[in-house]
Amino acid sequence: MSVRPDLRRSLIGRADESAALTRLISDAGAGHPSMALVEGPTGIGKTTLVDHVLRACAGRQPLRVVRGEGVAWEAGVALCVAAQLARACGADLDLPEPVRAEGAAPVLDAAQRLHRIWAGAQQREPLVVVVDDAHWADVESLRAMRSAVRTMSTERVLVLLIARDDPFGLDASTPPRTLEFLDGSCRDTLRLGPLGPEDVRALAWEAGGVALTLPAARHLCRHTRGNPRHATDLLYELPRETWQEWHPVLPAPARFAAAVGHRLTRCGEATRALVEACSVLDDDTPVAKAASLALIDDPLPAADEARAAGLLAAAVDTGRTALSFPHPLIRAAVLTGIGLTRRSALHRRAAEIAEDTGRRLTHRVAATITADAELADELDRYAAERASAGEWAAVADTLVKASRLSLARSTRQDRLLRAVDAMIGAGDVPQAALFAAELESFPVGTLRDVVLGHLAIMRGRAAEAETFLTRAWERCDPEQRPDLMARICQRRVLHALGRCDAPDLVAWARRAVELADPSDPSAIESEAVLGLGLAAMGRVTESQAAYEGAAAKLSGGAQSQRFQLGRGWVDLALDAPEAARRELEAAVPTGFRSGSTRISLWAQGWLARTQFALGAWQEAIETVDLAVARLADVRIELVRPLVHWTGAQIHALRGAWEAADHHVREAAVGMHHYEVMLVPACLARAQVAEARGEYERVLEALAPVVRLPSRTSVDEPGFWPWQDVYANALVMTNRVDEADTFLTPYEKLAALREHRSTMARLGLARGRVTGARGDIDGARREFEQALAHVEHLPLPYDRARVNFAYGQTLRRAGKRREADTVLRNARDTYINLGARTYVERCERELQAGGLKTSRGASGLSRLTAQEQAVARLVAGGASNKQAALELFIAAKTVQYHLTHIYSKLGIRSRSELAARFREAAETEEPR
């Protein structure tokens with residue numbers, strides 16, 4: 001970029017901080033004086049935030065802003081900043097000269113004077129006092145400001161201190177008393193944290209029209225710790241093509257590097273050698289290892305000097321002292337400041353002392369400046385080892401390096417193809433997508449189609465994946481490349497999983513196991529899913545035997561993550577949620593065993609469903625939130641609807657409609673996506689509609705599932721619980737005969753499988769059907785049987801749902817006393833779960849049945865229980881049809897009740913009815 005961008009007028013990624021600062025200014029304008037601290041590292045955007053908010057607030061109301069500034073060379077001059085602020089208001093402190101720093105009298109005198117000055121300045125408009133670089137302000141001025149504000153009562157004054165708090169930005173000359181004052185002196189403190197990758201992408205575009213990919217934004221974000229100034233500097237200083245490279249080696253911004261270089265040159269020779277050695281090694285390097293590379297005998301004095309200069313940090317534990325850099329940019333500045341010859345020599349020596357094969361190869365690559373076929377072959381062999389352990393991120397990184405060092409073009413392409421395949425396996429879809437255009441330019445070949453098909457699967461593009469994988473299978477020669485044939489089979493396994501086609505999944509998985517070596521990743525990953533496919537075909541015994549056999553062979557590590565996911569998914573489907581939780585919780589972490597983000601996200605999706613089933617809804621929401629944040633980073637479309645499904649359902653049941661609708665939108669897919677995406681997306685929409693009592697919308701939401709050309713695996717009991725939701729909506733919309741016909745085959749299948757929770761859920765719908773036909777004794781038997789099915793299962797929501805439907809049906813049949821007991825059971829469980837939506841519905845049902853659950857509001861107490869239930873719904877905005885569906889009565893009956901309600905209350909419209917309920921609420925009479 002030829003012109004350095006000016007971002008002083010921009011504000012990216014600071015919505016919460018902006019809102020908090022706006023509130024402080026608003027409170028001050030309302031006569032609540034205060035003093036606040038805005039802090040954060042150098043360049044994080046503190047002043048930009050304050051200026052932006054002040055401009056925005058000044059546009060809405062007049063403000064008077066006065067400014068002062070701390071500077072390093074005046075930090076020891078008592079009351080220097082206070083005098084600045086007085087002059088900025090056109091006054092003077094009028095203190096005797098010279099002011100003595102000792103004692104409290106001068107500070108209190110200055111505080112009284114500032115009080116008078118500021119009180120006068122805020123007469124016409126609120127006053128905002130801004131002190132920039134408050135870390136350099138003299139402590140006497142800060143104390144005077146604090147005392148001045150403390151003695152105010154209704155003055156419209158806000159004092160804002162802007163200070164940096166990063167260790168590298170503060171040196172030994174920073175007044176320690178000032179730092180002590182800033183630490184905890186202000187009740188209101190806004191600490192600006194780092195920007196996220198999406199914020200950095202927005203910053204790059206605004207800074208100079210640089211369209212950063214998500215991987216590049218992540219890399220820049222990690223490198224700068226989300227600091228907007230450092231990120232902007234690098235965007236300005238580096239060529240645009242830098243951001244299209246695979247993990248580019250980024251330097252430090254020029255001015256940051258100059259500051260680091262200046263500090264380093266002031267250190268002794270041994271210290272410089274130690275710091276340079278650390279820049280070549282990993283973070284948290286044992287001090288003895290760094291000393292060995294730096295060729296110094298006594299590293300502790302050098303480490304102390306480096307720490308004092310802010311260049312290194314030390315972590316001291318029993319028997320181990322490790323060194324690291326306080327900031328990635330310090331490492332970058334040191335590393336790029338080393339001459340190429342010395343840097344290469346350091347890497348070669350680091351390779352000699354490295355204990356880990358991967359690190360040894362990394363140092364050898366860093367020391368190499370030309371293509372090296374022998375080293376590339378070693379990297380390829382190492383990648384194969386990591387692949388057998390399922391460590392796909394390490395495989396991808398290693399194969400990219402091997403590709404760059406390869407001499408032959410075909411070899412380079414082959415290794416890059418396998419690297420991208422490993423990126424997909426690791427779950428780094430954005431980075432893999434970055435290479436897609438390059439891969440498509442390669443000559444048409446089997447491996448190319450396999451990799452592009454794999455990428456299409458992760459992006460949820462079923463038809464595209466089918467095309468690539470079919471072409472790869474037809475082209476591949478099983479005699480020459482059995483390993484590649486096995487890989488195609490494994491991708492077909494994933495494709496079948498996405499299509500919810502269990503027979504196809506099992507067939508391809510067995511073919512992969514037959515073709516591949518037992519230790520080959522294709523065989524291992526296919527075997528991990530085989531049991532899931534068998535269970536989805538109803539072959540439970542075979543499924544369990546497959547997982548038991550696999551467990552006996554596994555030795556831990558990343559590959560066990562695949563089996564834990566599959567086993568946990570099956571356990572949940574087979575009504576063993578507690579066992580499922582154990583397996584899925586073990587499958588979520590990736591850090592200690594280099595597991596796959598892709599597998600971890602699937603595990604989180606099903607863990608959230610498991611926690612929901614067990615009634616641990618807050619844990620489920622936390623799991624969803626973690627998965628959603630990770631999804632935003634890795635963009636694995638295939639798992640997105642599953643994650644958002646649970647979020648939508650829980651928020652709807654809690655009555656948090658905005659959050660529920662957000663999850664429904666995020667889960668949405670089209671008919672061209674995989675069935676494993678479509679079904680949870682439809683369920684999310686349907687269950688939110690059911691919680692609202694909008695049963696026509698439930699049927700609309702599930703219509704795409706009904707229209708699926710093949711649902712054999714989707715309909716397998718325990719996997720996708722949609723049938724009871726659909727059948728219940730049919731009954732609630734008066735399509736009883738249709739519900740009867742719909743239910744029959746699913747009831748037979750559930751009975752054949754002896755699947756208890758499915759029989760309970762379908763029993764709920766069957767009880768509705770039977771009750772709607774007037775057979776209350778038959779309905780009672782159906783509901784009691786449904787409750788018996790879940791009696792010994794840890795599924796509180798399913799139990800409450802059956803009780804709620806049971807109670808509604810009994811009340812409609814006039815069995816009010818029985819209905820009250822059952823509805824109270826449902827209500828109590830819903831209360832424990834936090835399902836506010838259904839607690840309120842139970843209350844309405846109980847009141848409609850005549851149970852007094854609260855005091856009647858004035859005037860409203862004259863209504864019958866049924867009339868009160870109708871009135872509440874209509875006053876809340878429900879149409880006659882919606883109220884009828886909610887109360888299980890006819891729309892004409894609702895209108896009949898409304899006529900009597902209007903007559904009794906002396907009103908003539910719905911709006912008057914709503915007003916009467918608002919009036920009751922304002923007088924604190926429970927509705």
Residue in the range 909-921 that is at pLDDT 80 or above and closer than 20 Å to Arg827 by Cβ present: no
Considering residues of the range 138-152 that are part of a loop (DSSP other than H, G, I, E, B) and more than 43 Å from the chain's Cα centre (by Cα) only, the residue surrounded by the fewest Cβ atoms within 10 Å (Cβ to Cβ): Thr151
Residues of the range 510-540 classified as under 33 Å from the mean Cα position of the chain (by Cα) and closer than 16 Å to Ser713 by Cα, total: 8
Pairs with Cβ under 7 Å, 6+ apart, first in the range 370-381 and closer than 18 Å to Asp356 by Cβ, second β-branched (Val, Ile, Thr) and surrounded by fewer than 18 Cβ atoms within 10 Å (Cβ to Cβ): Leu375/Thr368
Any hit, the range 598-613, residues being part of a loop (DSSP other than H, G, I, E, B), hydrophobic (A, V, I, L, M, F, W, C) and more than 18 Å from Phe719 (Cβ to Cβ): no
Candidate set from the range 450-490 (those that are over 32 Å from the mean Cα position of the chain (by Cα) and in a loop (DSSP other than H, G, I, E, B)); member that is surrounded by the fewest Cβ atoms within 10 Å (Cβ to Cβ): Glu479
Failed criterion for Gln618 (all others in (1) polar (S, T, N, Q); (2) over 14 Å from the mean Cα position of the chain (by Cα); (3) surrounded by 17 or more Cβ atoms within 10 Å (Cβ to Cβ) hold): (3)
Criterion violated by Leu182 - all others in (1) buried (at least 19 other Cβ atoms within 10 Å of the Cβ); (2) touching a Gly at 6+ places or on another chain (Cβ under 9 Å); (3) at pLDDT below 90 satisfied: (2)
Those residues of the range 730-740 which are touching a residue at least 60 places away in the same chain (Cβ under 8 Å) and buried (at least 23 other Cβ atoms within 10 Å of the Cβ), in sequence order: Met732
Hey, Ala819 hydrophobic (A, V, I, L, M, F, W, C), under 39 Å from the mean Cα position of the chain (by Cα) and in a helix (DSSP H, G or I) or not: no
Single match in Ser543, Ser560, Ser522, Ser526 (criterion: assigned to a helix (DSSP H, G or I), out of contact with any helix residue (DSSP H, G or I) (no Cβ under 7 Å at 6 or more places or on another chain) and not acidic (Asp, Glu)): Ser560
Qualifying residue in the range 353-365 (condition: farther than 24 Å from Glu269 by Cα, at pLDDT below 90 and touching a strand residue (DSSP E or B) at 6+ places or on another chain (Cβ under 8 Å)): no
Condition met for Leu762 (aliphatic (A, V, I, L, M) and outside any helix (DSSP H, G or I)): no
Elements of type helices (runs of 4 or more DSSP H) in the range 172-286, at least 3 residues being among the β-branched types (Val, Ile, Thr): 269-280
Residue match in the range 361-376 (condition: buried (at least 17 other Cβ atoms within 10 Å of the Cβ), of a type in the set (Gly, Ala, Ser), over 26 Å from the mean Cα position of the chain (by Cα) and under 16 Å from Ile488 (Cβ atoms)): no
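Results for (1) under 24 Å from Gly615 (Cβ atoms); (2) buried (at least 21 other Cβ atoms within 10 Å of the Cβ); (3) assigned by TED's automatic domain parsing to the domain that holds Phe888, shown as yes or no for each residue.
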residue: Ser757; (1), (2), (3): yes, yes, no
residue: Arg761; (1), (2), (3): yes, yes, no
residue: Leu764; (1), (2), (3): yes, yes, no
residue: Gly778; (1), (2), (3): no, no, no
residue: Glu791; (1), (2), (3): yes, no, no
residue: Ala800; (1), (2), (3): yes, yes, no
residue: Gly807; (1), (2), (3): yes, yes, no
Matching residues in the range 854-900 - criterion: being farther than 25 Å from Leu810 by Cα and either modelled with pLDDT of 80 or more or among the β-branched types (Val, Ile, Thr) (or both): Ala875, Gly876, Gly877, Thr899
Cβ-Cβ under 8 Å pairs, at least 6 apart or on other chains, the range 741-755 side assigned to a helix (DSSP H, G or I), far side surrounded by 13 or more Cβ atoms within 10 Å (Cβ to Cβ) and polar (S, T, N, Q): Phe742/Gln723; Leu743/Gln723; Tyr746/Gln723; Tyr746/Thr758; Ala750/Thr758
Qualifying residue in the range 367-377 (condition: outside any helix (DSSP H, G or I) and farther than 27 Å from Ala408 by Cβ): no
Members of the range 789-801 found to be more than 21 Å from Ala835 (Cα to Cα) and at pLDDT 95 or above, listed by number: His789
Residues of the range 397-418 that turn out to be among the aliphatic types (A, V, I, L, M) and farther than 14 Å from Leu361 by Cα, as a count: 4
Breaking point among (1) within 23 Å of Val698 (Cβ to Cβ); (2) part of a helix (DSSP H, G or I), for Asn825: (1)
Lone qualifier among Ala82, Ala91, Ala78, Ala86 - being outside the structural domain of Leu203 (by TED's automatic domain parsing), crowded, with 19+ Cβ neighbours inside 10 Å and assigned to a loop (DSSP other than H, G, I, E, B): Ala78
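The values are calculated or read from the model by the stated rules, or taken from the named source; none is laboratory data. This is a predicted model, so every value here is computed, not measured. Glycine gets a Cβ as well: all are built from the backbone with ideal geometry, and neighbour counts include every protein chain shown.
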